[in-house]
Amino acid sequence: MPDIDIDTPIRPAPALPLRARLAPLLMPHRLVMAGLALAALTAIITQMDWSWLPGYLPKIGHGLLVTLALLVSSVAAGFALALPLGAVQVTGPAPLRWLATGFCTVIRGTPLLLQLWLIYYGLGALFAQFPEIRGSWLWPYLRQAWPYGFLTLTLSFAAYQGEVMRGAFAGVPRGELEAARAFGMPRMMVFRRVWFPRAVHRALPTLAGEIILQLKATPLVATITVTDLYAVITRVRQATYLTYEPLLLLIAIYLCLSGTLTLVLRWLEARVPSGS
Amino acid sequence: MNDATPAVEIRDLHKHFGRLEVLKGISLTARPGDVVAVIGGSGSGKSTMLRCINMLETPSAGEIAIHGEAYAMRPTRDGGLEPADRRQLQRIRAQLGMVFQNFNLWPHRTVLGNVIEVPVQVLGMPRDEAVARARQVLDRVGLAEKEDAYPAHLSGGQQQRCAIARVLAVEPLAMLFDEPTSALDPELVGEVLNVIRDLAAEKRTMILVTHEMGFARDVASHVVYLKDGRIEEQGPPEQIFGDPRSPHLQQFIRSIA
Amino acid sequence: MNDATPAVEIRDLHKHFGRLEVLKGISLTARPGDVVAVIGGSGSGKSTMLRCINMLETPSAGEIAIHGEAYAMRPTRDGGLEPADRRQLQRIRAQLGMVFQNFNLWPHRTVLGNVIEVPVQVLGMPRDEAVARARQVLDRVGLAEKEDAYPAHLSGGQQQRCAIARVLAVEPLAMLFDEPTSALDPELVGEVLNVIRDLAAEKRTMILVTHEMGFARDVASHVVYLKDGRIEEQGPPEQIFGDPRSPHLQQFIRSIA
Amino acid sequence: EPYKVGIAAEPYPPFYSPDSSGTWSGWEIDFADALCAEIEADCVITPVAWDGIIPALNTGKIDMIVASMSITEERAKQIAFSDKYYDTPTGVIALKDSKVQPTPEGVDGTYLGVSVGTIHETYARAHFAETAADIRSYPTVDEELQDLAAGRIDAVVGDMLALMPFLESDAGAACCEYRGAVESDPSILGHGVGVGLRKEDTELLDRVNSGIAAIRENGTYDALSEPYFEGLDIYGS
Amino acid sequence: MIDAMDFSLLALSSPGWGGALLAGFLRSVELAAGGYLLGLVIGLLGATAKLYGGRVLRDIAEIYTLLIRAVPELVLMLLFYYVGTDLLNKLMGAMGREGIDIDGLSAGILVIGLVQGGYATEVIRGAIRAVPPGQIEAALAFGMSPLKVLRRVTLPAMTPHALPGMANLWMIATKDTALLAVIGFSELTLVTKQAAAATREYFLFFIAAGLLYLALTLISNLGLRWLERRARRGLPAAA
Ligand SMILES: Nc1ncnc2c1ncn2[C@@H]1O[C@H](COP(=O)(O)OP(=O)(O)OP(=O)(O)O)[C@@H](O)[C@H]1O
Ligand SMILES: Nc1ncnc2c1ncn2[C@@H]1O[C@H](COP(=O)(O)OP(=O)(O)OP(=O)(O)O)[C@@H](O)[C@H]1O
Ligand SMILES: [Mg+2]
Ligand SMILES: [Mg+2]
């Protein structure tokens, strides 16, 4: 998402005594808010119908695994793709640069749903027309839906993150690169030792937001029959006709995921102090 | 190689930025052990000249040789030059140490990491050896106890000394300084100038762009006055500061005093 | 109001940042037409003092009066003070002109736009009148032909002069300068100091923090030496530079020379 | 105030689908019109996503559901149903070169397609999940048929009325054939399709029930079915 | 595949679906623009609250962005459209008033605006923090009131920093309109699906919709570039 909040890094907070760390939590309005949240939570737990939950736990667990697997793999692969996409747009030769810019524009400019559709029903159905492919060892995988979901999510993440990386690569202060060159580093070494780590660090603050967006994009794979967490929850809703309880569970899980993610990335960020 | 081989030699260097001619034929020789101070008004081309020496800017015309080895250049389509041999370029650059005006330390590495980076990665020195050498050098500039700090946590003067240590660790044939003190406050200026003075006393080859005239007079063996992309006057410091010939230089020295 | 009313008066000013006490009881009076130079080592609290005068920092204790009108303050819960009357604060601030060390021009407005901004927006002057006045002022600092340029397209010295013009346009009771030259190269320093010298000759009230001792000696009617948040010595420039009493000041003057 | 008759926004031909001007037509639309005329009510067709159709009814955004919704016990906990107004068999169509049969053993190791949120999905998951290699849920019937034609699934379990037109098309006739109806399971497959109503609207429920009975009686039902199903009786037994 | 497509289905007048697609497209743009503007306002308020607000305001803004970003838009839509109106009607009923019905467009604009507001808060907060504090101090030192500082200095100075992020948000807004399909609001995605299902020409309509979205993106890019050039007037060129 936004490729700008690359400003002030979060510095590691000095360790405070426990009391000092607790103090901000004990401010009156925070106590009120915590109380409200607790009350809402108790009301949700006691007043609503959760009898379905135990029966569906295994399925929800499985859905969560699918969601996490898709998320982690597509973010990892998409990030790996985003690096060259971003770098090429900053320094690459003109044709490569246009290619990368075009790719990012098209993917970011069209809905993910559509891309999923074209890749699964278009590309996928195309494969099915060739007897050679149907006969090969690949077919058991190609007839599944998840490879297409993974591919589409990866391309999408690569395009959005590629845009972020473009900003990050362009934003590494020239002087740091010149210093490396002035010491006789070859181009690849400059990239590997200075440019790349600095750009990644600059991109970190927005990464959490990007991954959360990706998390929220994964449910679309249900349209190509991949049963992720969201699809399981949908199924629960259809089976139980409970309108809200399953959704609340979904929100709780997503909140936990994005909260953990934010914390992990802040921690990562704090491990390397930035120069600015 | 004998002592007569110049450490840095520039012959008729020209540099254009688009239509603007910034350097208009500069020739300069620094023998081993020379300390050359480059002075001149803002925009006169001092930084550009310095950056040409290690090809951070490619000259439009002219020749530059480091310790007798000239950069291999080839003409570009638009009438300029470009380095022809990337390996040679890297080899020569590794022999020059540049200390930038704003330090340009690598913020993602500690002080020690910054200092061993080039020896380990470029010169292929074993890590242990590089660390031992880095510690010596850091000790020399008075940064020994800061080796695990990141640049962002250093004061300006400490950053500057770290930048110098980074250069010293590669034992360069010549060191290039671009206004090493202009970003510092007056008390830190003294600190940094002292380190450079020590280096000069060790007879290291240095070319330094500076605005500190008193300092230039003190440490330089040779002073070069640039004006509008030309060397208007050069000579030993006593002559440049004591008995300037060119009216421009006279005025420059007056305006600064 | 008679001439005896001090333009700026500070009484027993204290300022804490968290646990750190940066100003430890400062009292200072600048009568109309005074040029007060504030000198002192890095971290001695010079900027903080200056910023307290227009409440960019709120004092922890003490009183500040501009042309006889003291800021209305009220105690905060954590034992400090805060401005009690926002309208008064804005009114007093509009009478003080601050020239920041790094200019702080508004980059999205042209030179003219920067200069007329306060007269039009704060003082409610009609635009035409503000423009006419701004042109006069710009002329005065030698920036007349740059009125349509954006700050980013000005050289350092020009930016500085624009910042001064912006202050002059509001005809302030007193002007505050925070190290007005430390970001400039030596030639520009002279240029800016000349403008300030002219202002001093016009008997404008000024308080300036500076590292340029020669200049302080030249233009100041009064010099204040800050050390660790206290005024260690003050007096006319001849006394401060010619016959410093405190050993710290003596050492300070030696280290800078 | 007219009654808002909710249909699913996802087209389900021949029961309901929109044309490009946004006008909905199909058997169920005609049926709803006839029903409303019979009970002398003003009705407007209101498309709502299938996913939100029950909340829409319960929060008053629509007043009845006429969207091929089968009467099941689970649904009946949430909303009230009228008497059934049609009932069609659940069947299996499969690739010609597969050996799929509409029994648990017959789908051993095969990939099955169903439409998400339908009774057919529930049925398939209840009876075929043990033996089938995978049961995939598609957003609409069209998508599962497309994948069937592409050979990525071996068979489709669904409403025969919705599947027949495919088998009659060129693509369908080329690849696939009918393998028979599944064994009945009223607890899942329900008791036919009924009009969904809010539980508290008992008076409307009575009127709808008598309306359905009336149009069955007076021949309107058969007349409006004829153009769509050519004599096939979709009311069921 | 291409030769099998029946392009006459894209004709503008019925029975061609072209007109319906365009109408859906316009509704999408309308919805996106409404939601985006609302998001912008919320974002400005949220960022101001986070940066200059008291502890309470700051915490509320913090919780808002945390929640709104973690909850899938579709769920928000369902919750808001159904629970929201339900609660509202019960409330009105309790006060003895007639229940009201929120129409799809307002609900959509509201939900998209709320979501956009969550992200815009972060974008604008980052942009404001990128404004050198000295510029704001200078304005304060001249006696400008806080509101005037915001209007005359902070907002214009932060605009160039906020534009890239806000551009991304606009892209997201145009596509998030597809959410409204869940309440049967016929915007581009839903019309596309209906056309595809009614005619069985899936690829034709999906590609047509993709091209419409892409055209919107390209046109927006032009506009945004123009805006950015204007906003960056006077600033040094980007690195
Ligand atoms: N990359 C560039 N593109 C265009 N013009 C440039 C570039 N770099 C420098 N110049 C111009 O070249 C001239 C000389 O610049 P240079 O940086 O060498 O001056 P300098 O002598 O170092 O000045 P200073 O003392 O202010 O650092 C200036 O007029 C400058 O505007
Ligand atoms: N916002 C702040 N929070 C905490 N400490 C501060 C803050 N501003 C200044 N200080 C501390 O207050 C002391 C005085 O700072 P001040 O900027 O007034 O020094 P100065 O005399 O202007 O120094 P210099 O010549 O380096 O500008 C310093 O030790 C500084 O670290
Ligand atoms: Mg320079
Ligand atoms: Mg200061």
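The values are calculated or read from the model by the stated rules, or taken from the named source; none is laboratory data. None of these values were measured; they are calculated from a predicted model. A quick note on method: Cβ atoms are made from the backbone with ideal geometry, for glycine too, and the neighbour counts reach across all protein chains shown. These area figures cover heavy atoms from the full protein model, side chains too; ligands, DNA and RNA do not enter into them. Shrake-Rupley method; radii C 1.70, N 1.55, O 1.52, S 1.80 Å.
Assorted remarks:
- For the stretch B:29-54, filtered to residues that are open to solvent by less than 10 Å² (accessible area, probe 1.4 Å) and more than 11 Å from residue B:225 (Cα to Cα), the residue that is farthest from ligand 4 (Cβ to nearest atom) is B:30.
- In the stretch A:168-188, the residues that are facing another protein chain (nearest Cβ under 7 Å) and under 29 Å from the mean Cα position of the chain (by Cα): A:170, A:171
- Check on residue A:217, small (Gly, Ala, Ser) and at the interface with another protein chain (Cβ under 8 Å from one of its Cβ atoms): no
- Looking across the stretch A:204-254, the residues that are among the hydroxyl-bearing types (Ser, Thr, Tyr) and more than 25 Å from residue A:264 (Cβ to Cβ) come down to A:223, A:225, A:227, A:234, A:240, A:241, A:243, A:244.
- Single residue of A:152, A:234, A:227, A:223 found to be under 28 Å from residue D:153 (Cβ atoms) and open to solvent by less than 10 Å² (accessible area, probe 1.4 Å): A:152
- Residue that is nearest to ligand 3 (Cβ to nearest atom), among those in the stretch C:55-88 that are open to solvent by 20 Å² or more (accessible area, probe 1.4 Å), among the hydrophobic types (A, V, I, L, M, F, W, C) and under 16 Å from residue C:8 (Cα atoms): C:56
- Residues (without any contact (Cβ under 8 Å) to a residue 60 or more places away in the chain and over 18 Å from the mean Cα position of the chain (by Cα)) located in the stretch D:37-59: D:37, D:40, D:42, D:43, D:44, D:55, D:56, D:59
- The set of residues in the stretch C:12-28 being of a type in the set (A, V, I, L, M, F, W, C) and surrounded by 16 or more Cβ atoms within 10 Å (Cβ to Cβ) consists of C:13, C:22, C:23, C:26, C:28.
- Exclusive hit being touching a Ser or Thr at 6+ places or on another chain (Cβ under 8 Å) and modelled with pLDDT of 85 or more, set D:34, D:67: D:34
- Within the stretch B:1-56, tally of residues that are more than 14 Å from ligand 1 (Cβ to nearest atom) and part of a loop (DSSP other than H, G, I, E, B): 13
- Among the conditions (1) of a type in the set (A, V, I, L, M, F, W, C); (2) part of a loop (DSSP other than H, G, I, E, B); (3) open to solvent by 60 Å² or more (accessible area, probe 1.4 Å), residue A:72 misses just one, which is (2).
- Residue within the stretch B:104-123 that is within 16 Å of ligand 2 (Cβ to nearest atom), touching a residue at least 12 places away in the same chain (Cβ under 8 Å) and within 13 Å of chain A (Cβ to nearest Cβ) present: no
- Tally of residues being part of a helix (DSSP H, G or I) and within 17 Å of residue E:104 (Cα to Cα) across the stretch D:23-53: 4
For (1) open to solvent by 50 Å² or more (accessible area, probe 1.4 Å); (2) in contact with a Lys or Arg (Cβ under 6 Å, 6 or more places away or on another chain); (3) closer than 30 Å to residue E:200 by Cβ; (4) more than 10 Å from every other protein chain (Cβ to nearest Cβ), each residue gets a yes or a no:
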position: E:15; (1), (2), (3), (4): yes, no, yes, no
position: E:21; (1), (2), (3), (4): no, no, yes, no
position: E:36; (1), (2), (3), (4): no, no, no, yes
position: E:40; (1), (2), (3), (4): yes, no, no, yes
position: E:43; (1), (2), (3), (4): no, no, no, yes
position: E:48; (1), (2), (3), (4): no, no, no, yes
position: E:93; (1), (2), (3), (4): no, no, no, yes
position: E:114; (1), (2), (3), (4): yes, no, no, yes
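- Residues being in a loop (DSSP other than H, G, I, E, B) and in contact with a helix residue (DSSP H, G or I) (Cβ under 8 Å, 6 or more places away or on another chain) - total across the stretch B:127-174: 13
- Subset of the stretch C:212-237 that is on the phi < 0 side of the Ramachandran plot, open to solvent by 20 Å² or more (accessible area, probe 1.4 Å) and in a loop (DSSP other than H, G, I, E, B) - its residue that is farthest from ligand 1 (Cβ to nearest atom): C:236
- Any chance residue C:218 is within 14 Å of another protein chain (Cβ to nearest Cβ), among the charged types (D, E, K, R) and away from ligand 4 (no atom under 16 Å from the Cβ): yes
- Answer residue from the stretch D:121-156, given it is away from chain A (no Cβ under 14 Å) and in contact with a helix residue (DSSP H, G or I) (Cβ under 7 Å, 6 or more places away or on another chain) and is surrounded by the most Cβ atoms within 10 Å (Cβ to Cβ) among those: D:128
- Here the stretch D:211-234 is the region considered, the condition is being among the aliphatic types (A, V, I, L, M) and open to solvent by 60 Å² or more (accessible area, probe 1.4 Å), and the residue that is nearest to residue D:35 (Cα to Cα) is D:223.
- Members of the stretch C:239-249 that are free of Cβ contacts under 8 Å to residues at least 12 places away in the same chain and open to solvent by 70 Å² or more (accessible area, probe 1.4 Å): C:243, C:247
- Residue list for the stretch E:190-208, restricted to those being more than 7 Å from every other protein chain (Cβ to nearest Cβ) and among the aromatic types (Phe, Trp, Tyr): E:205
- Hits in the stretch D:184-201 (condition: open to solvent by 80 Å² or more (accessible area, probe 1.4 Å), in contact (Cβ under 8 Å) with a residue 60 or more places away in the chain and not basic (Lys, Arg)): D:191
- The numbered conditions (1) within 18 Å of residue D:62 (Cβ to Cβ); (2) open to solvent by 10 Å² or more (accessible area, probe 1.4 Å); (3) within 11 Å of another protein chain (Cβ to nearest Cβ) are all true for residue E:73 except (1).
- Scanning the stretch D:157-174 for residues that are assigned to a helix (DSSP H, G or I) and either loosely packed, with under 13 Cβ neighbours inside 10 Å or among the hydrophobic types (A, V, I, L, M, F, W, C) (or both) yields D:160, D:161, D:162, D:163, D:164, D:166, D:167, D:168, D:170, D:171, D:173, D:174.
- Top-ranked residue in the stretch B:164-196 [being of a type in the set (Gly, Ala, Ser) and either within 16 Å of ligand 1 (Cβ to nearest atom) or open to solvent by less than 20 Å² (accessible area, probe 1.4 Å) (or both); ranked as modelled with the lowest pLDDT]: B:183
For every residue, the table says whether it meets (1) more than 30 Å from residue E:174 (Cβ to Cβ); (2) away from chain A (no Cβ under 14 Å); (3) touching a strand residue (DSSP E or B) at 6+ places or on another chain (Cβ under 6 Å); (4) not small (Gly, Ala, Ser).
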| site | (1), (2), (3), (4) |
| --- | --- |
| E:97 | yes, yes, no, yes |
| E:106 | no, yes, no, no |
| E:123 | no, no, no, yes |
| E:135 | yes, yes, no, yes |
